[in-house]
Amino acid sequence: MLGFLVQWPTILPLAMFPVLVWMYARLARNEKAVSSARFGEAYLSYIKAGPAFFS
């Protein structure tokens with residue numbers, strides 16, 4: 001998303017940036033809950049191995 005702002009510095013990417021950040025954060029929370037329910041302790045130990053969005 002930051003790449004879009006650098007490549008196309010217009011009002012549309014600037015306006016969409018907070019919306020996309022919110023949507024991806026919401027999606028990540030949902031996927032974390034689903035993965036935690038499906039994989040249990042194995043997933044919880046996996047997410048402790050690194051920061052969010054980088055593991």
* To do: Check whether at least one residue in the range 45-53 is loosely packed, with under 10 Cβ neighbours inside 10 Å and either of a type in the set (A, V, I, L, M) or in contact with a Gly (Cβ under 6 Å, 6 or more places away or on another chain) (or both), and report yes or no.
  => yes
* Residues of the range 3-38 satisfying the condition of being touching a helix residue (DSSP H, G or I) at 6+ places or on another chain (Cβ under 8 Å) and within 18 Å of Ala52 (Cβ to Cβ) -> Lys32, Ser35, Ser36
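FYI, it's all coordinate maths here, none of it is from the lab. Remember, it's a predicted structure, so these values are computed and weren't measured experimentally. Glycine gets a Cβ as well: all are built from the backbone with ideal geometry, and neighbour counts include every protein chain shown.
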